[in-house]
Amino acid sequence: MDDLVLAMLVRALAFGTPILLAGLGEIYAERSGVVNLGVEGMMAVGALAAFAVAQSSGSPYLGVLAALLAAALVSLPFALASITLRANQYVAGLALTMLGLGVSGLLGKPYEGAPLAHPLPEAGFIVTALLLAVLLWFFLQHTYGGLVLRSAGENPETVDAMGIDVYRVRYAAVIFGGAMSGLAGAFLSLAYRPSWADGITSGLGWIAVALAIFAAWHPLKAVGAALLFGALYHLSYRLQAAVSPEFLKAMPYLFVVVVLSLSALRKGPSGAPESLGIPYVRGERR
Amino acid sequence: MTEPDALLTLKNVTKRFPGVVAVDGVNLEILPGEVHALLGENGAGKTTLVNILYGLYPPDAGDIYWQGRPVRIRSPQEAIRLGIGLVPQHPLLVRAHTVLENLALGMPRGFLLPTRGLAARIAELTRHYGFRFDPRAPVWQLSEGEKQRVEIVRALLQGARLLVLDEPTSVLTPQEARELFKVIRRMRSEGEAVIFISHKLDEVLEVADRISVLRKGRLVGQVTRAEADKAELARMMVGRQVSFERRKPPVRPGAVVLELKDIHARSDRGLPALQGVSLRVRAGEILGLAGVAGSGQRELIEVVTGLRRPERGLVRVLGAAPWSGKRPRIAHIPEDRRRQGVAGGLDLAENLLLHDYARPPFARGPLMDRRAVYAFAREQIARYRIDPPDPRTPARLLSGGNLQKLILARELHGDPPLIVAAHPTYGLDVGATELVHELLIERGRTGAAVLLVSEDLDEVLALADRVAVIHGGRIVGEVPVEKADREQIGLWMAGVEA
């Protein structure tokens, strides 16, 4: 019995790791004031870049690096549109998801079903994710850079008045969020599977977005939330025999709806950054 | 001629914006250890001048000298480095963060937050000036006065030798304002210079050593306090004679129009905001509701206008509940003009019609008669002197005063029996304020019941027939205006019950 519980916990951790990695990235982007709904797309790009580079170079570590860079790179057009050009963040994010899924699906065709010579252990990613959660919490709460990041998401006018470039802060946070999504993708294609398939992210990116809200934008709470989601995900995986596959495919989205409804029911302030989703314009009447 | 020991000298400083000269050839000298008031109406150029000093805009012409040396102030950082600190009218603090975090944000940057050393310096400064606030408290818990003190501490921590206070008393109770004046005097005695920006004559006369008056961007006069004369200053400010004591002529109040009995309501945060409010306003009467911001005024207004259902208690407007279909029209002049008062993207004519769009002559069946609409709009615009006078101007382009005129024109049309006015002159210049006061008095005289909610005690005392004070969601005192005592009302506002 204990073995079963332990095994379940380990599986929940493994399922929760990509959600946690991408969710931490999204927490940073959102704490700076930018909602990035492109997580799913950035994750897919990261997964493909990691697999392609790892396979052709033979080094999975180069693959991880490629995932970080590629996902950060695809977040740039989103940052440009939503921060500099002040486009609607939600629409721009959805576009990024479609772009990422489409591009990775197209470029990934030759790698479908190919084997990977040197996969990475899941444990490495799991430990990294947990360490990152602590480090990112510390940075956010106890460093000057973290304070500036949080302030940009609350009252960007104040940050501006202190002579700090709000746009630069938000760009940095969005690009960092992209790299974290890429890392989550690398976990999928280098350790968890380890292989490439179109649709490898299977909605995990959306759950990462929900995680940011469910964890009240707090990196440490994100760990617990990721465990919960991981456990639920594992459960639905177990139920594969009993439940129709169409229903299982809809599960991640159902999670999101349920979790967001539950968060909305919570009493008191949600902890959402005050300027979340609002493009910053100097001296604007709003 | 530059006095050798002037801290700051402005020579012929000019700033133009498209279509206006906001600051026009201003010469000014600030001496160390003086409190220098800049007096002027809204739009006189005070804020533009401050923004130039604080490096937010460069002047188009003219020179600035700091301790006799010519300087260019290109950013707030350069202003801070010189020793110019700004306490803005609306605090620039991150509400979700603690006082300490907010102050750390303005300090030289390291990797880690400088918590301990900074806390000690803050404690020293707050002790010195007799401030009391907890540096670990989140800013949203602080009162407006406390937030202002945090801004002052921030400027002092940054090493300000010239402190610019922009309309500092607009959000304070009389007691808090008096505390602020004490702090200003203390700073002066230590050689700090203070620029005190205001449009309130009394407080300028109370605190300033020298007074410079701005009108339409020009410096129109400069006097020392000893030679200052209130009526003369007012004339300089507005360019014509102003009457001060204009009280509403007493009328014999008629039937009860608004009745509140034991109202309990919660705020948006779910906290008790109104805890047993009972009030009555009769026809022909102005009831002035005074109180510090956040004492329950917003919720009370929302209950009266039918925007918020109370948890308990009775609200009747001429016998009907305000959210029922039978209630008479209530004129609501809301606190937040831009967001609640108008639809910014719609034009003036459309905004004027938000109540009456479905009635003839504006509606013909399901269609709108555009000719009638625009004829009506032009008439109202002329009557209320709204500028720009083109009925097709989007409302969001209007200045605060004109926006308020637009709202008044719409809300007062058709002589509603009840008028609820929330901070109706906040941020308006003397001209627009006079118009608002005239209109409210006029409507009161012709039989409307007026509930006037204001943080400006002078306004309440000048207009109201009765004054009630709200604190912590309860009416803590109520008095006819002829028996009202400013001290007593101040105490009530601070929560000391009758």
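The values are calculated or read from the model by the stated rules, or taken from the named source; none is laboratory data. Owing to the predicted nature of the structure, the values given are computational and were not obtained by experimental measurement. Quick reminder, even Gly has a Cβ in these numbers, built from the backbone with ideal geometry, and neighbours come from all protein chains shown. When the accessible area is computed, the model is the full protein with side chains, heavy atoms only, and any ligands, DNA or RNA have been set aside. Shrake-Rupley method; radii C 1.70, N 1.55, O 1.52, S 1.80 Å.
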**Item:** Subset of region A:214-269 (residues that are closer than 26 Å to B:Gly270 by Cβ, of a type outside the set (Gly, Ala, Ser) and not in a helix (DSSP H, G or I))
**Value:** A:Trp217, A:His218, A:Arg266, A:Lys267, A:Pro269
**Request:** Specify which of the listed residues (B:Tyr374, B:Tyr357, B:Tyr384) is aromatic (Phe, Trp, Tyr) and touching a residue at least 40 places away in the same chain (Cβ under 8 Å).
**Result:** B:Tyr384
**Matching residues, region A:153-167, being more than 7 Å from every other protein chain (Cβ to nearest Cβ) and within 27 Å of the chain's Cα centre (by Cα)** = A:Gly153, A:Pro156, A:Val159, A:Ile164, A:Asp165, A:Val166, A:Tyr167
**Complete:** Within region B:369-402, restricting to residues that are of a type in the set (A, V, I, L, M, F, W, C), at pLDDT below 90 and buried (at least 16 other Cβ atoms within 10 Å of the Cβ), the one that is farthest from B:Val317 (Cα to Cα) is B:Leu398
**Item:** Tally of residues being more than 9 Å from chain A (Cβ to nearest Cβ) and open to solvent by less than 40 Å² (accessible area, probe 1.4 Å) across region B:92-120
**Value:** 6
**Fill in**
Conditions (1) within 14 Å of chain A (Cβ to nearest Cβ); (2) open to solvent by 50 Å² or more (accessible area, probe 1.4 Å); (3) closer than 23 Å to B:Arg410 by Cα -> B:Arg337 fails only (2)
**Scan of region B:65-84 for residues that are away from chain A (no Cβ under 12 Å) and either closer than 17 Å to B:Leu49 by Cβ or surrounded by fewer than 16 Cβ atoms within 10 Å (Cβ to Cβ) (or both), ordered by number** = B:Tyr65, B:Trp66, B:Gln67, B:Gly68, B:Arg69, B:Pro70, B:Val71, B:Arg72, B:Ile73, B:Leu82, B:Ile84
**Prompt:** Pick from region B:405-442 the residues that are surrounded by 19 or more Cβ atoms within 10 Å (Cβ to Cβ) and of a type in the set (Ser, Thr, Tyr): which of them is farthest from B:Asp387 (Cα to Cα)?
**Reply:** B:Thr425
**Item:** Condition met for A:Ser82 (buried (at least 23 other Cβ atoms within 10 Å of the Cβ) and over 20 Å from A:Asp198 (Cβ atoms))
**Value:** yes
**Request:** Kindly indicate whether any position in region B:313-321 is open to solvent by less than 40 Å² (accessible area, probe 1.4 Å), out of contact with any Leu (no Cβ under 9 Å at 6 or more places or on another chain) and touching a residue at least 24 places away in the same chain (Cβ under 8 Å).
**Result:** no
**Request:** Report yes if some residue within region A:135-142 is open to solvent by less than 10 Å² (accessible area, probe 1.4 Å) and either touching a Lys or Arg at 6+ places or on another chain (Cβ under 8 Å) or among the aliphatic types (A, V, I, L, M) (or both); otherwise report no.
**Result:** yes
**Complete:** With the first residue restricted to region B:201-228 and required to be free of Cβ contacts under 8 Å to residues at least 60 places away in the same chain and assigned by TED's automatic domain parsing to the domain that holds B:Leu31, and the second required to be in a strand (DSSP E or B) and not charged (D, E, K, R), Cβ contacts under 6 Å at 6 or more apart or on different chains are B:Val220/B:Val213; B:Gly221/B:Val213; B:Gln222/B:Ser212; B:Val223/B:Ile211; B:Ala228/B:Ile211
**Item:** Some residue of region B:37-59 being open to solvent by 10 Å² or more (accessible area, probe 1.4 Å), more than 14 Å from chain A (Cβ to nearest Cβ), touching a Ser or Thr at 6+ places or on another chain (Cβ under 8 Å) and free of Cβ contacts under 8 Å to residues at least 60 places away in the same chain
**Value:** yes
**Message:** Going residue by residue through region B:132-142, is there one that turns out to be within 11 Å of another protein chain (Cβ to nearest Cβ), assigned to a loop (DSSP other than H, G, I, E, B) and within 16 Å of A:Met162 (Cβ to Cβ)?
**Reply:** no
**Prompt:** Only one residue in A:Leu265, A:Leu235, A:Leu239, A:Leu228 is open to solvent by 60 Å² or more (accessible area, probe 1.4 Å), over 24 Å from A:Gly102 (Cβ atoms) and either within 14 Å of another protein chain (Cβ to nearest Cβ) or in contact with a Lys or Arg (Cβ under 6 Å, 6 or more places away or on another chain) (or both), so which one is that?
**Reply:** A:Leu265
**Selection count where residues are part of a loop (DSSP other than H, G, I, E, B), farther than 10 Å from B:Ala37 by Cα and modelled with pLDDT of 80 or more, scope region B:194-224** = 2
**Message:** Restricting to region A:212-234, name every residue that is on the phi > 0 side of the Ramachandran plot and either of a type in the set (D, E, K, R) or touching a helix residue (DSSP H, G or I) at 6+ places or on another chain (Cβ under 6 Å) (or both).
**Reply:** A:Trp217
**Request:** Spot the failing condition for A:Leu65; the list is (1) in contact with a Gly (Cβ under 9 Å, 6 or more places away or on another chain); (2) more than 23 Å from A:Gly230 (Cα to Cα), and only one is missed.
**Result:** (1)
**Fill in**
Per the filter on region B:112-133, residues of a type outside the set (A, V, I, L, M), within 20 Å of A:Thr158 (Cβ to Cβ) and touching a Ser or Thr at 6+ places or on another chain (Cβ under 9 Å) are B:Phe133
**Complete:** If we keep only residues of region B:348-360 that are open to solvent by less than 80 Å² (accessible area, probe 1.4 Å) and not acidic (Asp, Glu), then the residue farthest from B:Leu403 (Cα to Cα) is B:Ala358
**Request:** Would you mind stating whether B:Gln141 is open to solvent by 40 Å² or more (accessible area, probe 1.4 Å), within 25 Å of the chain's Cα centre (by Cα) and among the polar types (S, T, N, Q)?
**Result:** yes
**Fill in**
Just one listed residue, out of A:Leu116, A:Leu69, is open to solvent by 20 Å² or more (accessible area, probe 1.4 Å), at negative phi, outside any helix (DSSP H, G or I) and more than 14 Å from every other protein chain (Cβ to nearest Cβ), and it is A:Leu116
**Prompt:** Condition test on B:Arg127, is it in the same structural domain as B:Lys182 (by TED's automatic domain parsing), closer than 27 Å to B:Gly191 by Cβ, modelled with pLDDT of 90 or more and basic (Lys, Arg)?
**Reply:** no
**Item:** Any chance A:Phe176 is in contact with a Phe, Trp or Tyr (Cβ under 9 Å, 6 or more places away or on another chain), more than 9 Å from chain B (Cβ to nearest Cβ) and not hydroxyl-bearing (Ser, Thr, Tyr)
**Value:** yes
**Message:** Can you tell me how many residues within region B:267-297 are at pLDDT below 90 and open to solvent by 40 Å² or more (accessible area, probe 1.4 Å)?
**Reply:** 6
